[in-house]
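K.L.:
Got a structure for you, written out below as structure tokens; questions coming shortly.
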Amino acid sequence: MYESEVIQEWLKKASNGNHNAAKPPPTPSPLRFSKFFQSNMRILVTGGAGFIGSHLVDKLMENEKNEVIVADNYFTGSKDNLKKWIGHPRFELIRHDVTEPLLIEVDQIYHLACPASPIFYKYNPVKTIKTNVIGTLNMLGLAKRVGARILLTSTSEVYGDPLVHPQVESYWGNVNPIDSAQCSIPIPVFFMVFWVRSCYDEGKRVAETLMFDYHRQHGIEIRIARIFNTYGPRMNIDDGRVVSNFIAQAVR
Ligand SMILES: O=c1ccn([C@@H]2O[C@H](COP(=O)(O)OP(=O)(O)O[C@H]3OC[C@@H](O)[C@H](O)[C@H]3O)[C@@H](O)[C@H]2O)c(=O)[nH]1
């Protein structure tokens with residue numbers, strides 16, 4: 001029996017058990033059914049000044065019913081990516097670090113705030129973990145308070161160093177729980193760089209776990225997108241990711 005069938009079998013058995021089924025989503029306030037709210041959707045995009053976030057904002061703004069609010073600390077993103085929307089009546093840009101709470105009324109949250117480039121997320125690993133853990137907790141707390149649906153952009157890195165290609169969603173991954181700092185055995189320097197637990201991979205795994213636990217515990221409506229290698233306009237050429245490295249080396 002293939003691994004995914006085993007998992008399906010297990011999930012089927014578990015669903016007939018007494019496991020904690022997700023609670024129903026919180027009932028939105030009666031105001032939500034008023035004509036005003038039906039006429040527009042208030043959407044928060046954290047990390048919306050980044051490469052993927054700014055393209056998402058472009059897409060969301062195409063719908064005249066959407067009012068888009070971007071919260072970004074400009075660690076790797078830029079206002080330049082959003083210049084065509086600044087001043088637009090349905091658009092608002094806030095300089096905000098998601099490790100601090102954000103108290104606004106919204107209907108949907110797209111939570112992208114996190115450095116995705118190895119150069120940047122390794123620059124301050126503790127901050128990267130804080131952004132993924134505290135930042136996601138803040139966004140889930142907001143979603144719970146206002147009854148918003150929330151999407152987290154996760155990453156293919158959660159699978160670790162996969163042995164199965166391509167990775168299907170039911171793949172358990174191949175993760176290295178060792179960090180060179182914990183090993184008492186001497187490690188050749190060459191391996192040291194490979195034996196550091198990644199603040200980005202681990203941070204995204206915790207963020208995903210928080211999403212599922214808030215869904216089960218508080219009935220929050222969640223979505224998770226595991227983004228694999230992406231490239232395109234507005235990506236920083238010196239981003240340090242595989243595709244931008246390949247292109248940069250080809251053109252230089
Ligand atoms: O603490 C932080 C770190 C980063 N950010 C912002 O988050 C945005 C991240 O955008 P980047 O261009 O660096 O990265 P990308 O758009 O490629 O990453 C995207 O896909 C991969 C996912 O893991 C990321 O969560 C998602 O943002 C930037 O605008 C950055 O300024 C914050 O707002 N707070």
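K.L.:
Roughly speaking, what is the stretch gain from Ile94 to Asn229, that is 0.36 nm per residue apart minus the C-alpha to C-alpha distance, in nm to one decimal? Mind showing how you got there, number by number?
P.N.:
Details: separation 135, 0.36 × 135 = 48.60 nm, distance 2.79 nm.
The Ile94-Asn229 span can extend by a further 45.8 nm.
K.L.:
³J(HN,Hα) across the range 169-176 via Karplus (A = 6.51, B = -1.76, C = 1.60, θ = phi - 60°), whole Hz, x for Gly/Pro?
P.N.:
Result, rounded to whole Hz: 4, 8, 6, 7, x, 9, 9, 9.
K.L.:
Ranked by accessible surface with a 1.4 Å probe, highest first, in what order do Thr155, Thr76 come?
P.N.:
Thr76, Thr155
K.L.:
Around Arg226, which amide H atoms from residues at least 5 apart in sequence, or from another chain, sit under 5 Å from its own amide H, with H modelled in the peptide plane?
P.N.:
Residues meeting the amide H criterion: Ser154.
K.L.:
Subtract the Cα-Cα distance of Lys83 and Val206 from 0.36 nm times their separation in residues, and report this length gain in nm to one decimal. Could the numbers behind the result be given before it?
P.N.:
Values: separation 123, 0.36 × 123 = 44.28 nm, distance 3.30 nm.
Net length gain for the segment: 41.0 nm.
K.L.:
Going by the alpha-carbon gyration tensor, a ≥ b ≥ c the square roots of its eigenvalues, is the range 115-236 rounded (a/c under 1.5) or, if a/c is not under 1.5, prolate (a/b greater than b/c) versus oblate?
P.N.:
It is prolate, given that a/c is not under 1.5 and a/b is the larger ratio.
K.L.:
Give me the accessible area of Val242, 1.4 Å probe, in Å² rounded to the nearest 10.
P.N.:
90
K.L.:
Taking amide hydrogens as modeled 1.01 Å from N in the peptide plane, which residues meet the under 5 Å criterion relative to Met41, leaving out close sequence neighbours?
P.N.:
Answer set, sorted by chain and number: Asn66, Glu67.
K.L.:
Shifting gears a bit: Could you sort Val206, Val196 by their accessible area in this structure, using a 1.4 Å probe and putting the largest first?
P.N.:
Heavy-atom accessible area, descending, gives Val196, Val206.
The values are calculated or read from the model by the stated rules, or taken from the named source; none is laboratory data. Quantities reported herein were computed from a predicted structural model and do not represent experimental measurements. Heavy atoms of the whole protein, side chains included, go into the accessibility calculation; ligands, DNA and RNA do not. Shrake-Rupley method; radii C 1.70, N 1.55, O 1.52, S 1.80 Å.
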